[in-house]
1. Out of curiosity, is GLU220 of a type in the set (D, E, K, R) and away from ligand 2 (no atom under 16 Å from the Cβ)?
2. Please tell me if LEU191 is within 14 Å of ligand 1 (Cβ to nearest atom) and under 24 Å from ALA286 (Cα atoms).
3. Just to be sure before I move on: is PHE150 within 13 Å of ligand 2 (Cβ to nearest atom), assigned to a helix (DSSP H, G or I) and farther than 18 Å from TYR254 by Cα in the structure I sent?
4. List every residue pair whose Cβ atoms lie under 7 Å apart, where the two residues are 6 or more positions apart in sequence or sit on different chains, the first residue falls within the range 223-240 and is more than 18 Å from HIS292 (Cβ to Cβ), and the second residue, located anywhere, is polar (S, T, N, Q) and in a loop (DSSP other than H, G, I, E, B).
5. Among (1) part of a loop (DSSP other than H, G, I, E, B); (2) crowded, with 22+ Cβ neighbours inside 10 Å, where does LEU159 come up short?
6. If only one of ASP142, ASP167 is touching a residue at least 12 places away in the same chain (Cβ under 8 Å), surrounded by fewer than 23 Cβ atoms within 10 Å (Cβ to Cβ), part of a loop (DSSP other than H, G, I, E, B) and among the charged types (D, E, K, R), which one is it?
7. Whether any residue in the range 91-102 is under 12 Å from MET169 (Cα atoms), outside any loop (DSSP other than H, G, I, E, B), touching a strand residue (DSSP E or B) at 6+ places or on another chain (Cβ under 9 Å) and among the charged types (D, E, K, R) is what I want to check.
8. Would you be able to tell me the number of residues in the range 72-96 that are small (Gly, Ala, Ser) and without any contact (Cβ under 8 Å) to a residue 12 or more places away in the chain?
Amino acid sequence: MQQDAWTDETPRAVNQGVAPVTYGQGDRPPRGDYARARADYTCEQDWAAYSEAEHALYRRLYERQAAQLPGLACEEFIEAVQHLGAPEQIPRFDSLSEQLHRTTGWEVVAVPGLIPEEAFFKLLSQRRFPVTQWIRRPDEFDYVVEPDLFHDLFGHVPLLFNPVFADYMQAYGAGGLKASGLNACELLARLYWYTVEFGLIATPQGVRAYGAGILSSAGELPHSVRVAQPKHVPFDLLRVMRTRYKIDAYQETYFVIDSFQQLFEATAPDFAPLYEQVRGLPEIEAGVVLPHEAPPRVLA
Ligand code: PHE
Ligand code: CO
């Protein structure tokens, strides 16, 4: 079992993001009660069933992360995080959905854990964001193999209050359904990975995080923003789709957008010809910086 391979020696340099294509880890079935899920993989949150210890764990996770946001997270995220309400208890998805629906037309739905990619894309295309119903165990405070309630809720939900980002997420879901028919899910998953999970954004104050995998990770948040140049690579759609990713270590390179509007516009064109183009080009390994992406050298 893969999880048994984790020891104290396992580097904590691991992220909280899981691409939508990852359903279960190797031979291990995904954690969570799938028997209770509906055909679309949604389930009840069953808020009354959370223990006091689980509420307390949520609060500890929230407070550790919230304290680090200034100077590392983008302003849009910092502003929106208050919509999650007081951290004393795990939020009720229903009341969060009510607020979210009024703001951008999105809802939060509970799921038992990772779900198959088609089901995931379909929910996003319907402006329904799947949040894992269960929260990690106390011994998983720093790292949990599969995304849990804290990653999904704290990392992903705040930016769904941003109108442009909210539209991007829906477009991504629709694009996913299309990519399934074109056998291009892996290429599209790379886009999700390097934007929704591990994206950085340039601001007048400097580079800041907007990706959920970064924002829900105590270690990767400072690492990603402060990592030395030239590991911050300007966002380029084709380049991102050519780039493989690692799910078990901090990222070495991050792609930086100028604005959510730029991201939305860059991803608006039909991807079908782009998938063809990417297939004709070599893949780029994770962590590689291409010569033209390094800052110009000052010649002595
Ligand atoms: N424009 C993409 C397509 O035609 C859809 C998409 C939008 C995908 C935004 C991802 C993000 O497939
Ligand atoms: Co995620």
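The values are calculated or read from the model by the stated rules, or taken from the named source; none is laboratory data. The shown structure was predicted, so the numbers you read here are calculated from the model rather than taken from an experiment. Every residue, glycine as well, gets a Cβ built from its backbone with ideal geometry; the counts of neighbours run over all protein chains shown.
1. no
2. The answer is yes for LEU191.
3. yes
4. Cβ pairs passing all conditions: SER224/GLN251.
5. If we test LEU159 against (1) part of a loop (DSSP other than H, G, I, E, B); (2) crowded, with 22+ Cβ neighbours inside 10 Å, just (1) comes out false.
6. Just one listed residue meets the conditions, ASP142.
7. Looking for residues that are under 12 Å from MET169 (Cα atoms), outside any loop (DSSP other than H, G, I, E, B), touching a strand residue (DSSP E or B) at 6+ places or on another chain (Cβ under 9 Å) and among the charged types (D, E, K, R), one finds none in the range 91-102, hence no.
8. 3
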